[in-house]
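Peer 1: This is the structure I have questions about; it appears just below.
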Amino acid sequence: MPEEQNFQGELWTGQCITILNKIGWKQRGTSNFDIPCSKKSMHGKNGGKRKNDHGIDILFNYNDPYYNENKGIIIEAKRRKWSGINTSEIQKWVKQLLKNLECSETADKIQKYGFDSSNTGLLMIWCHESNKYDKIKMQKYLTGIELKNKRSPYKIYVASNDKILKWCSLIQFIEKEKQKDSVHEFKFLYPSDYFMDEESSSLVKNNTLNLIHMFSKYIFAKSTETVEKFNISQKINITHIFIDEEPNLEELNFMYELIKMYQLEDAEKIMIHFYGEKHDYRGYIEDFIRRINSEYNSLDGVDREIFSHYITLLSDIPTNYSEV
Amino acid sequence: MKRYPKKVDLRKTLDNYITSEEIKSFYKKKGLLIHSFRKDDVISMALPLFLSLNDYNEIKQIMDDESNYKKSTRLHISTENLEQVESALKSLSSKQQSSDTKLRLINRAEEQLNFELVYVKHKPGKVDLLDRVERKINVHVNKNNNGGYNLDFNHSIGTDYTKIKKLVDSIKKEDPDLDFDLTEILLNSLSYKSRISLFEKFFNSDHNIWEIKEIKKLKVERDDNQKEFNDKELEGIKTALLSGKHLKENELVKKTLEDGFYFSRSIIRFDHKDDAEFIDLKLNFKSRPEMCEMKITNSGQYEKDNNDKVIEKKKMLSPNEQNEILNLFQSKLYQIYVNLKENDDLTEINVEA
């Protein structure tokens, strides 16, 4: 059994690598490598000194447009049955990842890449009993996690089935779009806001999806497409907004305020993507789309239309993701 | 919320109105675990995430803001027949669809009923001549120990209360067979003696998991005159209470009452019997409209700082937690009120002392 478990664990590590590669992240080094412990007296068990090195599952990096930084991210991949996931288990993994992050600051194997920062970890938890996975319970488990008051700050993002499957569904949608002959470009979009580096004050288009948007309620993207209009083919710009929230009317109006505020309307077509069928919200969504389109129609010289689209929500990690 | 907030406003909100621990705990649920000592760092790490309306509403609930503490009032109806009340409500709600006031039944379970009253209040506007403000009041109807039902609701302005009172009248009118008395805790319906006893007995009651730590404020009133006891006077009153003496025997209280004053408002610090939690409860008898209002004005936890000194750390309670606590105190006060009223010497009511 442990061998089978190891194999499944390795398989999950491979799947994590595929997912992150597909959103533009770059793996650094091999998976499963060790770094020496530089805080032996703090990282030992039961008050004793630590003897072992720290095991890193995967190391990735990407350029974050919001910070104008080359970020190194340490990933910990865990695959468990539902009963093996609870607050105390997650706490253990978080602790382990936090120690990895602390020692990464002095580890040659990580520092050699010259990241601008490496204080961020990503814990990817996959429950392979997907019918038992409970999103609300998972949230409760996370609420119970104790956080350390560190002098130099660290952040650890935790993703499980719900988030991970949404990322995979998004990847599948974008891949299909990119395969179309009419689609020329499909990139993630980073609007500006003045909390960030002042130099990166304009809209940035990028092949990379950053952690901020992976854990936000909205992901933005831009594409260009050739369409036939009055027998003339012309290139149009499309803004995509992927929303991960229950889309009642107030929520949709609020999203529209966001679109206006970040000036995402500068396109001929605006696509609002929902994860799954959202049957309960179809009425609200249709009302909303109708209202915005009639607003656009009433504006002189504006050739713009808004659409809704329902992304097929995957129920499992695609099988070809295991090929690393 | 109508506009999507700018990050700079979110930063100010997190910085000024929410503690570091509350920020971390909010973002934990989003899958972001922030391990940091400094609030600045916590905010910088949390801030970039793009939040939805749902998230922002949650943030507003956590904010240490006066408006997040709920005012609660309880009315009592003497009927035992909830079905009849329910059908009267249904019939009223079908009639009111076109007006500015709408009534909606939310759910009905055994011995309880929830409904919602939405009405439009107009007030002078800055841009338009009149601003339309939609007010929503949730009313919870629960069986009480006196053979009737409690109507509990939170309100923030006087018209909320008046609207609910009017609605209760309409329920009665809607069904001629439905006959009940509406009661609420009103000081004016008690003799002067009993008005003092109401406060005294409330201070001396067993409040379940809560115990009185301190009377922080006590206000007396006579006609339109109001006066508040100062700290020294309060200390004397507190000592009298704790030593088991009757409040009325305290010289200061005695003198005040002889002048025709009675208690009308108090802020009481309650400590949790087992945990380090505390709340400040404001018990307020208002005169226009006449009503009894309860509100938690402050809540938090006792902690020890680096010098082992006990400090108070504020912690906002969720609306549900607040209502749960307020219901407990409402029930206690009502029980005292009913007992006092039954044994009251009615000839003393409204007679100037």
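Quick note: the coordinates plus some simple rules give every number you see, no bench work behind them. All values derive from a computational prediction rather than experimental measurement. Quick reminder, even Gly has a Cβ in these numbers, built from the backbone with ideal geometry, and neighbours come from all protein chains shown.
Peer 1: Of A:Ser233, A:Leu98, A:Phe307, which is farthest towards the positive pole of chain A's charge dipole, taken about the Cα centre with +1 and -1 on the beta-carbons of Lys, Arg and Asp, Glu respectively?
Peer 2: A:Leu98
Peer 1: Sticking with this one: Quick one: if you stick a label point 7 Å off each Cα along the C-beta vector at B:Arg135 and A:Lys26, how many nm between them?
Peer 2: Here the modelled spin labels are 6.2 nm apart.
Peer 1: Show me, for the stretch B:164-179, the HN-Hα J-couplings you get by feeding each phi into the Karplus relation (A = 6.51, B = -1.76, C = 1.60, θ = phi - 60°), rounded to Hz, glycine and proline as x.
Peer 2: Those phi angles translate into 5, 4, 5, 4, 4, 4, 5, 4, 5, 5, 5, 10, x, 7, 8, 10 Hz.
Peer 1: Roughly how many debye, to the nearest 20, is the charge dipole of the stretch A:2-159 about its Cα centre, given +1 on each Lys and Arg Cβ, -1 on each Asp and Glu Cβ, and no other charges? Walk me through the intermediate numbers first.
Peer 2: On the way: 27 positive and 17 negative charges, 110 e Å.
In debye, rounded to 20, the stretch A:2-159 gives about 520.
Peer 1: Also: Where both partners of a DSSP beta bridge lie in the stretch A:206-290, what percent of those bridges are antiparallel, to the nearest 5?
Peer 2: 65 percent
Peer 1: Can you give the relative contact order of chain A as a percent, counting alpha carbon pairs under 8 Å and 6+ residues apart?
Peer 2: Averaging sequence separation for qualifying contacts and normalising by length gives 16 percent for chain A.
Peer 1: While we're looking at this one, here's another question. Please arrange B:Glu221, A:Glu265 by how many other C-beta atoms lie within 10 Å of their C-beta, fewest to most.
Peer 2: A:Glu265, B:Glu221
Peer 1: Related question: With the radius of gyration and the Kirkwood radius both derived from the Cα set of chain B, what is their ratio Rg to Rh?
Peer 2: Result: Rg/Rh = 1.00.
Peer 1: Given q = 0.28, 0.32 Å⁻¹, what are the Debye log10 I(q)/I(0) values for the stretch A:219-263, with equal point scatterers placed on the Cα positions and solvent ignored?
Peer 2: Rounded to two decimals, the profile gives -0.98, -1.14.
Peer 1: Along the charge dipole of the stretch A:166-311, pointing to its positive end and built from +1/-1 on Cβ of Lys, Arg, Asp and Glu, which listed residue (A:Asn293, A:Phe188, A:Leu249) has its Cα farthest out?
Peer 2: A:Phe188
Peer 1: Right, next: Placing unit charges on C-beta atoms (Lys and Arg positive, Asp and Glu negative, everything else neutral), compute the dipole magnitude of the stretch A:166-311 about its Cα centre in debye, rounded to 20.
Peer 2: 460 debye
Peer 1: Could you state the angle between the C-alpha long axis of helix A:87-104 and the longest principal axis of the C-alpha atoms of chain A, as a value from 0 to 90 degrees rounded to the nearest 10?
Peer 2: 80 degrees
Peer 1: Could you please rank A:Cys16, A:Cys127, placing first whichever residue has the fewest other Cβ atoms within 10 Å of its Cβ?
Peer 2: Ascending Cβ contact count within 10 Å gives the list A:Cys127, A:Cys16.
Peer 1: Rounded, prolate or oblate: which fits the stretch A:2-159 when a ≥ b ≥ c are the square roots of the eigenvalues of the alpha-carbon gyration tensor, with rounded for a/c under 1.5 and prolate only if a/b beats b/c?
Peer 2: Numbers: a/c = 1.43, a/b = 1.18, b/c = 1.21.
Taking the square roots of the gyration eigenvalues as a ≥ b ≥ c, the stretch A:2-159 is rounded.
Peer 1: At a threshold of 8 angstrom on Cα-Cα distance, excluding pairs fewer than six apart, so keeping six or more, what relative contact order does the stretch B:189-316 reach in percent?
Peer 2: 21 percent
Peer 1: If I take every Cα pair under 8 Å that is 6 or more residues apart in the stretch A:166-311, average their sequence separation and divide by the length, what percent do I get for the relative contact order?
Peer 2: 20 percent
Peer 1: Straight distance only, please: which lysines reach the Cα of A:Lys180 with their own Cα at less than 16 Å, same-chain residues fewer than 8 apart left out?
Peer 2: Counting by Cα, and skipping residues close in sequence, A:Lys180 has these lysines nearby: A:Lys222, A:Lys235.
Peer 1: Hey, any idea what Rg/Rh is for the stretch B:241-313, computing Rh the Kirkwood way over Cα pairs? Could the numbers behind the result be given before it?
Peer 2: Values: Rg = 16.9 Å, Rh = 15.2 Å.
Result for the stretch B:241-313 is an Rg/Rh of 1.11.
Peer 1: While we're looking at this one, here's another question. Quick check: the distance between the Cα centres of the stretch A:245-315 and the stretch B:20-60, to the nearest angstrom?
Peer 2: Cα centroid to Cα centroid, the span is 27 Å.
Peer 1: At 37 °C and 0.692 mPa s, grab the translational diffusion coefficient of chain A from Stokes-Einstein with a Kirkwood Rh over Cα pairs, rounded to a whole number in µm² per second. Write out the running numbers ahead of the final one.
Peer 2: Details: Rh = 21.8 Å.
Translational diffusion coefficient: 151 µm²/s.
Peer 1: Could you tell me how many degrees, from 0 to 90 and to the nearest 10, lie between the Cα long axis of helix A:2-22 and the main elongation axis, the longest principal axis, of the Cα atoms of chain A?
Peer 2: Relative to chain A, helix A:2-22 is tipped by roughly 40 degrees.
Peer 1: Ratio of the stretch A:111-180's C-alpha Rg to 2.2 N^0.38 Å, to two decimals?
Peer 2: For the stretch A:111-180, the normalised Cα radius of gyration comes out at 1.50.
Peer 1: Nearest 0.05, what FRET efficiency do B:Lys227 and B:Asn145 give at R0 = 45 Å with Cβ-Cβ as r?
Peer 2: According to the calculation, E is roughly 0.80.
Peer 1: Find how many whole Å separate the alpha carbon centroid of the stretch A:120-158 from the alpha carbon centroid of the stretch B:197-219.
Peer 2: Centre-to-centre (Cα) distance: 43 Å.
Peer 1: I'd like the orientation of helix A:249-261 relative to chain A: the angle between its Cα long axis and the longest Cα principal axis, in ° from 0 to 90, rounded to 10.
Peer 2: It is inclined by approximately 90 degrees.
Peer 1: Volume per residue, Å³, of the convex hull around the alpha-carbon atoms of the stretch B:157-285?
Peer 2: Once divided by residue count, the hull of the stretch B:157-285 is 160 Å³.
Peer 1: Return B:Phe180, A:Phe7 ranked ascending by Cβ neighbour count within 10 Å, so the fewest neighbours appear first. List each step's numbers first, then the result.
Peer 2: Details: B:Phe180 18, A:Phe7 10.
Fewest-to-most ranking of B:Phe180, A:Phe7: A:Phe7, B:Phe180.
Peer 1: How long are the semi-axes of the ellipsoid equivalent to the protein assembly as shown, from square roots of 5 times the Cα gyration tensor eigenvalues, in whole Å, largest first?
Peer 2: 55, 34, 23
Peer 1: Most mobile of A:Leu249, A:Leu211, A:Leu299 per a Gaussian network model of chain A (Cα springs, under 10 Å)?
Peer 2: A:Leu299
Peer 1: Charges only on Cβ, +1 for Lys and Arg, -1 for Asp and Glu: so what's the dipole of the protein assembly as shown about the Cα centre, in debye to the nearest 20?
Peer 2: With Lys and Arg at +1 and Asp and Glu at -1, about 1600 debye.
Peer 1: Within the stretch A:240-270, list the residues whose amide N lies under 12 Å from a label point set 7 Å along Cα→Cβ of A:Arg282.
Peer 2: Answer for the stretch A:240-270: none.
Peer 1: Determine, at each q value in 0.08, 0.17, 0.22 (inverse angstroms), the log₁₀ of I(q)/I(0) that the Debye formula gives when each Cα of the stretch A:166-311 is one equal point scatterer.
Peer 2: Debye curve over Cα of the stretch A:166-311, log10 I(q)/I(0) at q = 0.08, 0.17, 0.22 Å⁻¹: -0.22, -1.08, -1.63.
Peer 1: Could you calculate the FRET efficiency of B:Asp169 with B:Glu324 from 1/(1 + (r/R0)^6), where r is the beta carbon distance between them and R0 is 35 Å, rounded to 0.05? Walk me through the numbers before you get to the answer.
Peer 2: On the way: r = 29 Å, r/R0 = 0.82.
It comes out at approximately 0.75.
Peer 1: How long are the three semi-axes of the equivalent ellipsoid of the stretch A:245-324, in whole Å, if each is the root of 5 times an eigenvalue of the C-alpha gyration tensor, listed from largest down?
Peer 2: Equivalent-ellipsoid dimensions as semi-axes: 29, 16, 11 Å.
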